[in-house]
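Reading through the structure tokens given below for one structure.
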């Protein structure tokens, strides 16, 4: 199992990345790898509403020449998707919003392809507006039919200058709790899947034994 974390901050390795790393550190303890994708400096444009993703249904955005299709591939391959953003005017960054809009449309155009993956949002904020940014990312998870775990508080860390969030003990603790809950949920989902496969296999064997013409129920010729 593995997760992918998208840092939507315009500052590489800033407070948002630090918060995401506290989450991923807990996943690592449980044997779950996290790949970090930092959107800082990358060219990401918004959705053009061309709807070609619904016509093509090839798991790709028709807008080419930027990073979004690489991000979508990483989302599809991962068991858990983490989205992180600082708070810009009480919402996510433009890079994060463009990723959500385009990856979301491609997901829905291709049979809700993120369905039942685990999703979690992380927000860095200087002061206010974080809940709105948090909601924006959670709305992506929920409309994509993903499973969203909670923590012991909203997944928010307070800080302005790089490194300030490390002083937010409650915020750091929330990230660690979130990481542990994501790990628990991923393992529970995998265990449930294995149990279901076993049950289906047993049911198929029972059906085969009871079907006329099977090795245990040979038909006798006249």
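The values are calculated or read from the model by the stated rules, or taken from the named source; none is laboratory data. This structure is a prediction, so every number in the text was calculated from the model and none was measured. With ideal geometry, Cβ positions are generated from the backbone for all residues, glycine too; neighbour counts draw on all protein chains shown.
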Using the structure shown, decide if residue 148 is more than 30 Å from residue 106 (Cβ to Cβ) and either touching a strand residue (DSSP E or B) at 6+ places or on another chain (Cβ under 7 Å) or at pLDDT 95 or above (or both).
-> no
Cross-chain or 6+ apart pairs with Cβ under 8 Å, the stretch 11-27 first and under 11 Å from residue 86 (Cα atoms), then part of a helix (DSSP H, G or I) | 15/164; 15/165; 19/165; 19/171; 19/172; 19/175
Taking residue 69 and the conditions (1) touching a strand residue (DSSP E or B) at 6+ places or on another chain (Cβ under 7 Å); (2) surrounded by fewer than 21 Cβ atoms within 10 Å (Cβ to Cβ), which numbered condition does it fall short on, given that it satisfies the others?
-> (1)
Expected single match for surrounded by fewer than 23 Cβ atoms within 10 Å (Cβ to Cβ), more than 21 Å from residue 42 (Cα to Cα) and out of contact with any helix residue (DSSP H, G or I) (no Cβ under 9 Å at 6 or more places or on another chain) among 135, 79 is 135
All but one of (1) touching a residue at least 40 places away in the same chain (Cβ under 8 Å); (2) in contact with a helix residue (DSSP H, G or I) (Cβ under 6 Å, 6 or more places away or on another chain); (3) not in a loop (DSSP other than H, G, I, E, B) hold for residue 113, so report the exception by its number.
-> (3)
Residue 41 versus (1) in contact with a strand residue (DSSP E or B) (Cβ under 6 Å, 6 or more places away or on another chain); (2) modelled with pLDDT under 95: which is the lone unmet condition?
-> (1)
Of residues in the stretch 150-171 being surrounded by fewer than 19 Cβ atoms within 10 Å (Cβ to Cβ) and under 20 Å from the mean Cα position of the chain (by Cα), the one nearest to residue 16 (Cα to Cα) | 154
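Of the residues that sit in the stretch 61-96 and are assigned to a helix (DSSP H, G or I) and in contact (Cβ under 8 Å) with a residue 60 or more places away in the chain, which one is nearest to residue 128 (Cα to Cα)? Explain how you work it out, then say what you get.
Applying the first criterion (assigned to a helix (DSSP H, G or I)) to the stretch 61-96 yields 68-77, 94-96.
Still in the running and in contact (Cβ under 8 Å) with a residue 60 or more places away in the chain: 71, 74-75, 77, 95-96.
Working: 71: 29, 74: 31, 75: 29, 77: 34, 95: 20, 96: 18 Å.
It comes out as 96.
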By residue number, the members of the stretch 31-55 that are outside any loop (DSSP other than H, G, I, E, B) and touching a residue at least 24 places away in the same chain (Cβ under 8 Å) are 33, 34, 35, 36, 37, 38, 53, 54
